[in-house]
Amino acid sequence: MKQKESKIMLSHGSGGKMMHNLIEDLFVKHFNNSILNEQTDSAILSVSSPIAFTTDSFVIDPLFFPGGNIGKLAVCGTVNDLAVSGAEPLYISVSFIIEEGFPIADLETIVISLAEEAQKAGVLIVTGDTKVVNKGKCDKLFINTAGVGCVKNGNNSITKGLGIIPGDLIIINGSIGDHGMAIMNIRESFNFKTDLSSDCASLNHMIHEVLEKTTVKFMRDPTRGGVATVLNELAGKVKLGIEIDETALPLKSNVKAMCEILGFDPLHVANEGKVIFVVAHEFESEILEALRNSEFGRQSAVIGRVVDNHPGKVVLKNETGGRRIIDSLSGDQLPRIC
């Protein structure tokens with residue numbers, strides 16, 4: 001900063017010189033691109049096909065966690081919402097609500113993570129906003145985003161689950177519950193001796209490769225509410241049953257142990273780098289090959305299938321052959337997880 005401030009002050013949101021310096025020396029510096037640099041009230045975008053448009057807000061506690069921080073999470077969450085809708089993410093906006101007294105060094109670390117993850121994902125941060133509120137009126141930092149992506153012909157209905165029939169496969173690109181348990185461990189200072197970190201990642205490149213090689217009937221990222229909630233919503237939408245094989249679920253031993261100790265069901269725990277796919281059984285090998293060629297899909301697995309009995313319900317088959325109904329998450333199991 002030109003005045004070398006170490007903490008955010010209310011003047012940084014006043015619209016005057018301090019705000020101008022903050023924008024120039026932090027946001028424009030790290031988010032630098034030709035559209036943002038115009039600094040107009042609205043970004044002028046060129047889009048040549050139907051678009052997907054999404055918005056999200058991030059209030060995670062703590063701001064920094066193993067595997068990322070609120071900045072990386074904001075990009076990944078927005079990019080993934082577009083990608084699972086069958087869109088190629090192009091542009092995002094980023095708005096900051098900052099508590100007075102927040103360390104500028106921490107803010108810059110978060111901004112750098114935002115910029116780096118956007119570059120990895122191949123998206124441009126083209127507009128944004130900054131607000132500063134009195135100390136005690138906001139918990140350190142909140143981020144709001146919006147995202148725009150192009151939808152190619154044939155991908156318009158991926159989120160609707162059209163054409164799903166009994167026999168279709170349920171596939172996930174890796175281990176479940178990593179994000180939720182990583183956040184819980186560091187937030188509550190359980191001090192479990194584990195190297196567990198969040199799975200936070202932008203998955204648009206992996207999803208692009210899948211869509212180029214095979215036909216996908218449905219995609220959704222199982223964030224809050226976890227895998228169980230997504231599958232219950234899908235079962236209710238298509239009026240068919242879903243059966244999950246417990247032995248097929250990719251689950252890290254440290255996540256499993258933490259869930260058992262804390263009384264959580266891994267199927268209800270949040271993920272930030274996972275996608276659930278529904279595909280016809282004849283495309284099993286093609287989608288698994290495409291997924292496993294990505295660094296974010298090495299542990300991809302078929303975890304279940306669509307069935308014509310118990311319509312609208314998700315049933316888990318356990319190791320001993322027993323079965324139990326898996327409901328959607330009831331209540332807020334892990335607040336401030338994203």
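The values are calculated or read from the model by the stated rules, or taken from the named source; none is laboratory data. Here the structure is a predicted model, which means the values were calculated and not measured. Cβ coordinates were reconstructed from backbone atoms using ideal geometry, including for glycine residues, and neighbour counts include every protein chain displayed.
Filtered by the rule that a residue be β-branched (Val, Ile, Thr), touching a Lys or Arg at 6+ places or on another chain (Cβ under 6 Å) and closer than 28 Å to Glu289 by Cα, the stretch 301-331 gives a lone residue, Val315. Being closer than 16 Å to Ser93 by Cβ, surrounded by fewer than 12 Cβ atoms within 10 Å (Cβ to Cβ) and out of contact with any Ser or Thr (no Cβ under 9 Å at 6 or more places or on another chain) is a property that does not hold for Ile51. Does Val79 qualify as being surrounded by 18 or more Cβ atoms within 10 Å (Cβ to Cβ) and either of a type in the set (D, E, K, R) or out of contact with any helix residue (DSSP H, G or I) (no Cβ under 6 Å at 6 or more places or on another chain) (or both)? When the stated conditions are applied, Val79 does not pass them. Looking at this structure, is Ile337 closer than 21 Å to Gly180 by Cα and in a helix (DSSP H, G or I)? Considered against the rule, which asks whether it is closer than 21 Å to Gly180 by Cα and in a helix (DSSP H, G or I), Ile337 comes out as no.
Among the conditions (1) at pLDDT below 95; (2) in the same structural domain as Phe142 (by TED's automatic domain parsing), Phe64 misses just one, which is (1). Selection of the stretch 98-117 for residues being surrounded by fewer than 20 Cβ atoms within 10 Å (Cβ to Cβ) and part of a strand (DSSP E or B) yields Glu99, Pro103. When the residues of the stretch 260-272 are filtered to those that are crowded, with 21+ Cβ neighbours inside 10 Å and not acidic (Asp, Glu), the one that is nearest to Ala83 (Cα to Cα) is Asn271. So in the stretch 224-233, with the set limited to residues that are surrounded by fewer than 22 Cβ atoms within 10 Å (Cβ to Cβ) and in contact with a strand residue (DSSP E or B) (Cβ under 9 Å, 6 or more places away or on another chain), which one is farthest from Pro266 (Cα to Cα)? Among those that are surrounded by fewer than 22 Cβ atoms within 10 Å (Cβ to Cβ) and in contact with a strand residue (DSSP E or B) (Cβ under 9 Å, 6 or more places away or on another chain), it is Glu233. Can you tell me which residues in the stretch 302-338 are β-branched (Val, Ile, Thr), exposed (fewer than 13 other Cβ atoms within 10 Å of the Cβ) and touching a strand residue (DSSP E or B) at 6+ places or on another chain (Cβ under 9 Å)? Residue satisfying the conditions is Ile325 alone.
The residues listed here are Thr229, Thr215; of these, the one that is of a type in the set (Val, Ile, Thr), in contact (Cβ under 8 Å) with a residue 12 or more places away in the chain and assigned to a loop (DSSP other than H, G, I, E, B) is Thr215. Of everything in the stretch 232-255 that is assigned to a helix (DSSP H, G or I) and touching an Asp or Glu at 6+ places or on another chain (Cβ under 8 Å), the residue that is nearest to Lys160 (Cα to Cα) is Asn232.
Residues in the stretch 85-100 that are within 24 Å of Ile183 (Cα to Cα) and of a type outside the set (Ser, Thr, Tyr): Val94, Phe96, Ile97, Ile98, Glu99.
Comparison of Ile8, Ile23 shows that the only residue that is touching a Phe, Trp or Tyr at 6+ places or on another chain (Cβ under 6 Å) and β-branched (Val, Ile, Thr) is Ile8. Only strands (runs of 3 or more DSSP E) whose full extent lies in the stretch 118-188 are considered here, and the ones with at least 3 residues that are more than 23 Å from Gly226 (Cβ to Cβ) and either within 17 Å of the chain's Cα centre (by Cα) or at pLDDT 95 or above (or both) are 124-133, 141-151.
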